[in-house]
Amino acid sequence: MFQKLSIKIIFIVTVTLFFILSMTLGYIIITDRDALLKKAYADASALNRRIFETLIEIMSFGISDPEAIHNAIRSLRASEQEDKESGILEIRLIHRPDIAKTFKDEEMALIYKPDALEHAKDKIEESALLGHGFKGEFLLNIKNRQVHAVRYVTPVKTEARCLACHKIKEGETIAALSSIISLEAGYSLIREKVLRYVFLFIFVFIFAITMLYVFLHRIVVSRILTLSAAARAVVKDENLSIKVETGQDDEIGNLGENFNEMVGKLMASRNEMISTKELTEAVAEGVDEGIMLLSRDYKILWANKKIIQMSGLRKDDIIGLTCYEATHHAKQPCKPPLDLCPIEDVLKTGKSKVIEHKHRDKDGNELIVEVAVYPIKDAKGNIMRFIHIARDITLKKMFELEIIQMEKMSALGILSAGVAHEIKNPLAIISQGLDYLSKGETKDKDAVKESEVLSMLKDALKRAEMIIEELMIFSRKSPLEVKQENVNEVLEFSLNLARNNPDFRDIELKKEYGESLPDVFVDRGKIHQVFLNIILNAIQAMSGKGTLTIRTSLKVLSEIGMGVGRRAGDFFQDGEKAVFIEIEDSGPGIDEEKLNKLFTPFFTTKGPGKGVGLGLSICKTIVDSHKGVIRGESPIGKGAKFTVVLPITKK
């Protein structure tokens with residue numbers, strides 16, 4: 001590259017020098033030519049004047065023969081000048097056609113006959129006879145050779161001394177003198193001078209280019225090559241310890257100093273980056289959460305030890321895999337509704353997302369994790385990469401499952417008396433029926449037929465079986481298993497159990513179920529627990545007397561609030577449709593201070609021995625696991641209302 005730079009500089013200087021020398025040489029040629037022409041015109045003017053004086057002198061001696069006069073004029077030319085192609089090439093005296101009429105002496109008029117005179121050969125000489133002079137350079141062909149010459153034509157005007165012979169006015173044009181003078185001698189001198197200058201310029205040109213090359217190589221190119229080699233070492237070899245000698249105190253020297261300063265700062269920046277990287281990696285490796293750096297196409301660019309441990313893979317194996325291959329051992333990204341992909345949500349909203357996921361290691365062991373995905377954007381706001389953080393919450397979920405189970409047992413304790421009564425009734429019917437059948441007696445004709453007794457026994461068994469099945473479903477201990485359910489049917493299931501509570505008998509029940517509601521993806525047993533807990537709380541709050549209103553509907557979430565919006569952790573976006581379940585009682589209500597603590601673990605508004613304050617906290621945990629929202633409100637003196645919002649099934 002730098003060799004090309006030298007060639008470019010030398011080429012530019014060469015063109016510049018050539019232009020300057022050419023202009024100088026051209027100026028010299030033009031100046032010398034102008035001087036040559038100026039001298040030639042002056043010589044021609046002087047010659048014509050001398051010829052004029054010679055004519056006057058000849059005429060004064062009485063010589064008036066035109067031929068003699070012309071011979072005298074021709075004799076002014078140097079001998080053999082025609083052969084030398086230089087000097088005076090031609091002198092002509094051109095008379096006016098009517099010259100004879102101007103003489104006073106009739107004898108002279110007879111001598112100057114037209115055939116004895118030199119006449120005008122061209123327009124220039126004709127113009128001169130009218131009093132107009134001419135001078136100019138032209139090429140003359142002599143012996144098949146082009147010769148530079150000047151032609152000088154001047155009109156001959158009468159003077160006072162001419163009036164002795166001529167009868168015309170003083171100053172009137174009577175003839176013209178035409179002289180042609182060769183410029184070859186002068187041009188030869190100019191050519192010799194130009195040749196000397198050309199040789200001188202060639203010498204100066206070669207000397208200047210040589211000195212320029214030496215200067216460029218030693219002062220510029222070699223130093224730039226040194227800088228280039230140092231820069232190449234920095235780029236290719238990452239050698240930041242290299243230094244260049246700055247040399248002379250000039251622009252290149254300053255460039256070398258700046259290069260050394262830049263390399264020094266680069267080294268400091270690299271050391272700082274290495275330290276920062278080591279610190280960042282130490283922090284990332286020390287965190288007990290799985291961290292991955294993902295590309296837009298889900299590829300893993302970096303992973304810490306924890307995520308490698310959670311996946312059961314080696315670091316060399318996990319880099320380059322997609323996140324779903326490493327954490328789910330699947331061949332395609334997670335798909336809703338059972339397994340939402342947080343990356344797709346982040347791509348749509350541009351904001352971070354936190355959800356629960358089920359990961360599997362290479363052996364198929366299941367882990368419940370809380371996944372948080374954060375976007376990494378460029379200067380224009382475009383998402384380039386993602387930070388994926390997975391926290392193992394398997395033990396937490398197991399603990400929550402135990403707490404939920406304990407709360408179920410507590411609810412069963414509350415319902416036990418009613419359940420026992422409900423089971424006792426069909427058992428009594430069965431006992432009586434069996435007793436009747438065992439006697440084998442038939443009373444009067446109005447007695448119950450045997451088939452009717454058997455039908456009653458079957459109904460009683462079905463009733464007892466249904467109660468036991470509901471209890472088993474409610475009390476079952478299992479992880480979250482969602483499927484499509486109709487929320488109205490789940491509510492009816494919860495009400496069937498709640499009716500077993502003795503305090504339910506005097507409660508007025510109002511059901512306002514929405515028609516044609518879309519299905520929701522829920523774990524039937526766990527959502528049943530949420531509804532039953534809220535219903536039992538309402539029954540206790542009303543002390544067995546009051547109105548219980550249960551309302552279901554499909555609504556559009558138009559207000560941004562808890563769990564609704566476009567923030568990290570929101571389950572719903574404003575404008576999204578969802579199923580609303582509202583359970584409202586006519587009890588005394590809950591004051592505002594306690595209302596804000598309803599879902600806090602171990603907080604209760606009940607008296608001693610009536611609860612430990614985990615019911616609503618567990619309800620919130622269950623609803624959160626369904627990506628739903630639960631909230632409570634209680635206008636003073638108007639009872640309490642709990643609202644559960646669940647996402648609809650997206651087909």
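The values are calculated or read from the model by the stated rules, or taken from the named source; none is laboratory data. These numbers come from a predicted model, not from an experiment. Neighbour counts run over all protein chains shown; Cβ positions are idealised from the backbone, glycine included. With ligands, DNA and RNA removed, areas are computed over all heavy atoms of the protein, side chains included. Shrake-Rupley method; radii C 1.70, N 1.55, O 1.52, S 1.80 Å.
Tabulated data
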item: Charge sum, other residues only, whose C-beta stays under 10 Å from ARG551's C-beta, Lys/Arg counted +1 and Asp/Glu -1; result: 0
item: Whole-percent pair-distance distribution, where bins are 5 Å wide, for the alpha carbons of the range 274-388; result: 2, 12, 21, 26, 21, 12, 5, 1, 0
item: Estimated FRET transfer efficiency (GLU251, LEU195; beta-carbon r; R0 35 Å; 0.05); result: 0.25
item: Positive-end residue of LEU212, LEU227, GLN248, charge dipole of the range 187-250 with Cβ unit charges; result: LEU212
item: Residues of the range 153-301: accessible area per residue with a 1.4 Å probe, Å²; result: 62
item: Percentage relative contact order, the range 128-212, counting C-alpha pairs under 8 Å, at least six apart; result: 25
item: Extension gain (nm, one decimal) between ARG499 and GLU126, 0.36 nm per residue minus Cα-Cα; result: 119.7 nm
item: Förster radius 45 Å - calculated FRET efficiency between SER228 and GLN146, Cβ distance, rounded to 0.05; result: 0.15
item: Å² of accessible area per residue within the range 1-51, as computed with a 1.4 Å probe and no ligands counted; result: 70
item: Average projected area [Cα convex hull, the range 161-264], square nanometres; result: 16.1
item: Segment GLU53-GLU261, length gained on full extension (0.36 nm per residue, minus Cα span); result: 65.9 nm
item: Simple label model, 7 Å out from Cα along Cβ direction - ASP317 to LYS169, nm; result: 12.9
item: Relative contact order of the range 291-383, pairs being alpha-carbon contacts under 8 Å that are 6 or more residues apart, as %; result: 21
item: Mean accessible surface per residue for the range 321-393, computed with a 1.4 Å probe while every protein chain stays in place, in Å²; result: 54
item: Between the range 208-248 and the range 332-397, the Cα center-to-center distance that results, in Å; result: 53
item: Exceeding the 32 Å Cα-Cα cut-off - candidates LYS243/LYS299; LYS510/LYS594; LYS236/LYS306; LYS377/LYS594; LYS396/LYS641; LYS577/LYS641; result: LYS243/LYS299; LYS236/LYS306; LYS377/LYS594
item: Label-point separation, ASP345 to ALA208 (7 Å along Cα→Cβ), nm; result: 7.8
